[in-house]
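Taking it in order: structure first as C-alpha cells, then the write-up.
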Amino acid sequence: MDDLEAKLREFRPRRPATIPDERLQLLRGPIWVAAVAAIAAVMLIASWIERPRPQPAPAATLGALTALALESPDQLDAALTRMSGTLLPDVHDALGPARQPKESQ
Amino acid sequence: MKIVTTIVLAGLMLVARADAQAPATTNAALRYWMAFALMKDPPSDQATMELFDRVASGASAWDEAKLGKFVDDNREALQIMQRATKLPSCDWGLEYELGPNTPIAHLAKARVLGRLNGVEAARLDARGERAAAVDVWLAGIRFSQHVANGGTLISLLSARLSLSPALKSLARAAPRLDTSERQQVEAALRAIPESGFDWADAMKREAEVLATAKKRDPKITAPMPNQSSVDKVANDVRAERKQLLDALSPASGAQRGR
C-alpha cells in the first residue's frame, strides 16, 4: 500500500498540451512570408525616399542655362549632358525595323 | 556645221548640269545638326561622364572595354562633325530677339559630341595612329570655335568644355609629335584668340540681348555675368593654350633632348 502511495506521489501536476489547430498550422508559413515581405517593402521605400535623385535638366533656353552657368558652374556640364539625351529622338531606334534586313545581310 | 552645232549643244548641256547641282553649303551648323541627329548619347551618369572627361583630356588611359562601343556607335556622327569643322562659317541662326527664351539646344548636343570626339582622339592615339589623333584633336578645337561663334557667354562656356580637353591632350602628346604635326597644331592654335574665344564680344552680345529683350518686355530680368568670373575662365583657357604652345616650342624639345 505504501508502495502504491509512494508511486502515486511521483506524479506532478502538468499543464496539458494545446490541442493542435490544423488551420493555424497551415497559415504559419504564409504569415512569416507576408511579414518578411512587409519589412522588405518598408526598407525599400525608405531607401528610395532617401536616395539622391538626379536634378531635373533645366530648359534648353538662353536664360535657364546662363543662370545655371552663373549660379552653379560645376553643374553646367552635367546638365548639358543630361539635356542632350532628351532633345532628339534616336533615329537608329526609330528606324530599327527598317534597318534589320540591311544588318542581317 | 553639224559638228559645230553638236559641240555647242554639248557645251550648253554641261553648263546646265553644273548649274543644276546644288551649291555646297558653307554653314557648318547645318552639318552639325545632321551629326546631332545621328548621335547616340552615351549614358549620362556621373561615373561615365567622369571617365569620358579624364580620357578625353589625357588624364586617364584609353579604356577600350568601357568606351570603345560609344565611339563605334557614333562613327558616322563624328565623321560628319569632323568634316564640318573644315567649313568656313557656322551660323546657328539663334533667335536672340526672344531674350532669355532663346532656344539653345544645340549647346547640349555639341557638348556630348565634343566629348565623343575627344575620346575618339584618345583611342587613335592609344592605337599608335598619332597623325589621325592629331587631326581629331584639331577638329575638336575648330568645333569649339564654331560652337562659340556668334554666341553669348553660355555658348563660350559650353565650347570651352570641348576646347580644354583637346588643348590638354595635345600638350601631353606634344613631345611625341613630328615637325609637320607640330606645325599643324601651332597653326591651329595661332588661328584662335589667346584666351580661346572672344569673351569681350560675348559679353557685349549678352548685354545687347538683354537690352533688346527688355525693350520687348520691360518685366524681363536676367543677371549679367560677373566680369571677374568671366576673366578667370578666360585666363584659365589662355594658360592652357600657352602651355600647349610652350610644349610645341623648339626650346621645349631641346630641353627634352638633354
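The values are calculated or read from the model by the stated rules, or taken from the named source; none is laboratory data. These figures come from a predicted structure and were not determined experimentally. As a convention, Cβ positions derive from the backbone with ideal geometry for all residues, glycine included, and neighbour counts pool all protein chains shown. Side chains included, ligands, DNA and RNA excluded: accessible areas come from the protein's heavy atoms. Shrake-Rupley method; radii C 1.70, N 1.55, O 1.52, S 1.80 Å.
Kindly provide the set of residues from segment B:28-51 that are closer than 15 Å to B:Ser89 by Cβ and open to solvent by 30 Å² or more (accessible area, probe 1.4 Å), ordered by number. It would help to see each step written out before you state the result.
Step one: of segment B:28-51, the residues closer than 15 Å to B:Ser89 by Cβ are B:28-33.
Those that are closer than 15 Å to B:Ser89 by Cβ and open to solvent by 30 Å² or more (accessible area, probe 1.4 Å): B:Leu30, B:Arg31, B:Trp33.
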Fill in: Subset of segment B:217-244 (residues that are under 18 Å from A:Leu62 (Cβ atoms) and in contact with an Asp or Glu (Cβ under 7 Å, 6 or more places away or on another chain))
B:Met224, B:Pro225
Discussion item. Would you confirm, using the coordinates I've provided, whether B:Ser162 is among the polar types (S, T, N, Q), within 13 Å of chain A (Cβ to nearest Cβ) and open to solvent by 10 Å² or more (accessible area, probe 1.4 Å)?
Written reply: yes
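Please specify each residue of segment B:211-228 satisfying the condition of being at the interface with chain A (Cβ under 10 Å from one of its Cβ atoms) and exposed (fewer than 12 other Cβ atoms within 10 Å of the Cβ). Don't jump to the end; show me each part of the working.
Let us first name the residues in segment B:211-228 that are at the interface with chain A (Cβ under 10 Å from one of its Cβ atoms), namely B:213, B:220-226.
Within segment B:211-228, B:Thr221, B:Pro223, B:Asn226 qualify.
Condition check ((1) within 14 Å of another protein chain (Cβ to nearest Cβ); (2) in contact with a Leu (Cβ under 9 Å, 6 or more places away or on another chain); (3) surrounded by fewer than 10 Cβ atoms within 10 Å (Cβ to Cβ); (4) modelled with pLDDT of 80 or more) across all residues:
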| site | (1), (2), (3), (4) |
| --- | --- |
| A:Arg14 | no, no, yes, yes |
| A:Val36 | no, no, no, yes |
| A:Ile45 | no, no, no, yes |
| A:Pro54 | yes, no, no, no |
| A:Leu62 | yes, yes, no, yes |
| A:Thr66 | yes, yes, no, yes |
Discussion item. Quick check on segment B:94-103. Is at least one of its residues in contact (Cβ under 8 Å) with a residue 40 or more places away in the chain, assigned to a helix (DSSP H, G or I), more than 9 Å from every other protein chain (Cβ to nearest Cβ) and touching an Asp or Glu at 6+ places or on another chain (Cβ under 9 Å)?
Written reply: no
Worksheet entry | Hits in segment B:208-240 - residues which are modelled with pLDDT of 85 or more and of a type in the set (Ser, Thr, Tyr) | B:Thr212, B:Ser228, B:Ser229
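If you go through segment B:141-177, how many residues are out of contact with any Leu (no Cβ under 9 Å at 6 or more places or on another chain) and under 17 Å from B:Leu94 (Cβ atoms)?
Qualifying residue count, segment B:141-177: 2.
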Worksheet item: Applying the selection to segment B:170-197, what residues are surrounded by 12 or more Cβ atoms within 10 Å (Cβ to Cβ) and without any contact (Cβ under 8 Å) to a residue 40 or more places away in the chain?
Response: B:Gln183, B:Pro193
Practice prompt. Select from segment B:20-73 the residues that are part of a loop (DSSP other than H, G, I, E, B), among the charged types (D, E, K, R) and either free of Cβ contacts under 8 Å to residues at least 12 places away in the same chain or more than 12 Å from chain A (Cβ to nearest Cβ) (or both) and list them in ascending order.
Written response: B:Asp45, B:Asp63
